[in-house]
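Below is one structure, written out as structure tokens; comments come after it.
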Amino acid sequence: MLRRAPPLEISHWHAVGPLGATVLDPVFAELLFVTRWRHISVNLLPSPYPSAPAFGPLPVALSGGPKGPILRDRLLEAVAALDVDGYGMKCSEADEAFCALLRQRVGEALKALLFGDFGIWDECTRPTLARSAPLGFGWHVAWKERRRQLCDGLGSSLLKDRQAAAVLALEGSLSALAERLADADCFGCVRGSGAVDSLTALDACAYGHLAVLYSIPCQPGSQLHQLLSRFSSLVHFCDRVELWLGGVWPDSRSFMAAVASKERMPGAAAASFSQESRFFNDPKSPSTAVAAAPAAAGANSIATSSHMVDARWPVWWELWGWSLGWGRRRKALPKVRKNSPPEWYPLAFGAASAATVFVACIFGCSPLPMQKIVKALEAALQQSDGQGVTGTGSRE
């Protein structure tokens, strides 16, 4: 029975990556799945930060809890309590074990890949954090979030060992999930048949983790791409439920970015929705109401993701001219400027700017000539020294 409670006001991180709006948190991906599947009304409040000092990591329900806000660790439990006959229905012991496998094993592997793998960090995670943060705060937000994700009170060597173990265990976890799914359309379906009514909490948990994992951009032929491509049934599961529910992922361009189009379910890659961004109704509004209605009803009130990506202030390196090229100036495409410059560039940029201003002052290009400024400083220092000597003599 679905309890008709007031809509939950959920503050979440509005992540915009190189390929458009995306999701890096499996909890938020699972939440989007549940709201679309069970038609639960929520008010999504996008935030440019992945965590809040008062609440910790996002998403957080700002209303709906008996004792105040509902933090991220208890958010899905609160949503399940609103839908005891669907998402909140008790699963079998086997399904509970697979949910634990996803939250622990696959969740740890996601953290290790997104924040511990240097290649994925430089190509995906750090640009996403920098693009989503306010102008001028991208580097700080990225550094702070990576520190929060990786600092568990462990030494550097022990932390690296834990990350390596999590990535190595990922293959076994995906193999177990693929064996559990077999040739069924979803985890709650009877073998050989499928329908939206057959979805269970295990399907929601599996989508939340697998969609984030398979949406990490990686190079064709890389180790991660080879691993993920081995389990085509999991790829087809994500594509299938995405089509069933009329679009859960915020932007189809970033969905399943880890695999090629030919490796996805036939017709899924070519199925483009008329409006790609599905849960930000008005990018200019601080609050966005989401009623997880059927796709036909919800398609009319959805803003395009291209407007979301372009409606932002450029970061400092775009203002300076990085990735714009020589010759005729034109608007840089997201594909061209998908990589941020190295982290030492802001320091070099600041030092070069300060040196330029100093040299300009020396050559008399400042509002006041440099000689007058130096003479004024010398006079002020001599006057202060003279006053100090006079004061000392009077006291004697």
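The values are calculated or read from the model by the stated rules, or taken from the named source; none is laboratory data. For clarity, every value in this text was computed on a predicted model and none was experimentally measured. Every residue, glycine as well, gets a Cβ built from its backbone with ideal geometry; the counts of neighbours run over all protein chains shown. These area figures cover heavy atoms from the full protein model, side chains too; ligands, DNA and RNA do not enter into them. Shrake-Rupley method; radii C 1.70, N 1.55, O 1.52, S 1.80 Å.
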Quiz item: Can you list the HN-Hα couplings for segment 135-144, worked out from phi with the Karplus curve (6.51, -1.76, 1.60; θ = phi - 60°), rounded to whole Hz and with x for Gly and Pro?
Solution: 4, x, 10, x, 4, 5, 5, 5, 5, 5
Quiz prompt | Extended-chain gain in nm, criterion 0.36 nm per residue less alpha-carbon gap, Ser41 and Gln223 | solution = 61.5 nm
Practice problem: Quote the FRET efficiency, to the nearest 0.05, computed for Lys67 versus Ser198 with a Förster distance R0 of 41 Å and r equal to the Cβ-Cβ distance. | Solution: 0.70
Practice problem: Could you please report the charge total around Val196, scoring K, R as +1 and D, E as -1 over all other residues with beta-carbon less than 11 angstrom from its beta-carbon? | Solution: 0
Exercise. Extending each Cα 7 Å along its Cβ direction at Trp143 and Ser157, get the distance between those two points in nm, one decimal.
Key: 2.7 nm
Practice problem: Could you pull the Rg and Dmax for segment 163-252, using just the Cα atoms, both in Å? | Solution: 13.4, 39
Quiz item: For segment 49-60, what does the Karplus curve 6.51 cos²θ - 1.76 cosθ + 1.60, with θ = phi - 60°, yield as ³J(HN,Hα) per residue in whole Hz, taken in order and with x for Gly and Pro?
Solution: 10, x, 8, 10, x, 7, 10, x, x, 8, x, 9
Quiz prompt | Amide H partners (placed H, <5 Å) of Ala15, local residues excluded | solution = Thr22
Self-check item: Gained length - Ser232 relative to Leu347, 0.36 nm times residue gap less alpha-carbon distance
Solution: 36.9 nm
Exercise. Using per-residue counts of other Cβ atoms within 10 Å, averaged over each peptide, order 228-236, 344-352, 120-128 from highest down.
Key: 120-128, 228-236, 344-352
Quiz item: For Met256, what charge total do you get from the other residues with a beta carbon under 11 Å from its beta carbon, if Lys and Arg give +1 and Asp and Glu give -1?
Solution: -1
Quiz item: If the limit is 32 Å between Cα atoms, which of Lys90/Lys160; Lys67/Lys111; Lys111/Lys262 go over it?
Solution: Lys90/Lys160
Quiz item: Taking the Cα-to-Cβ direction at Ala100 and at Ala360 and moving 7 Å from each Cα, how far apart do the two end points lie in nm?
Solution: 6.5 nm
Quiz item: In whole percent, how big is the carbon plus sulfur part of the accessible area of segment 1-83, probe 1.4 Å, protein atoms only?
Solution: 58 percent
Self-check item: Sequence-distant residues sharing a close amide H with Glu9 (under 5 Å, placed H)
Solution: Asn43, Leu62, Ser63
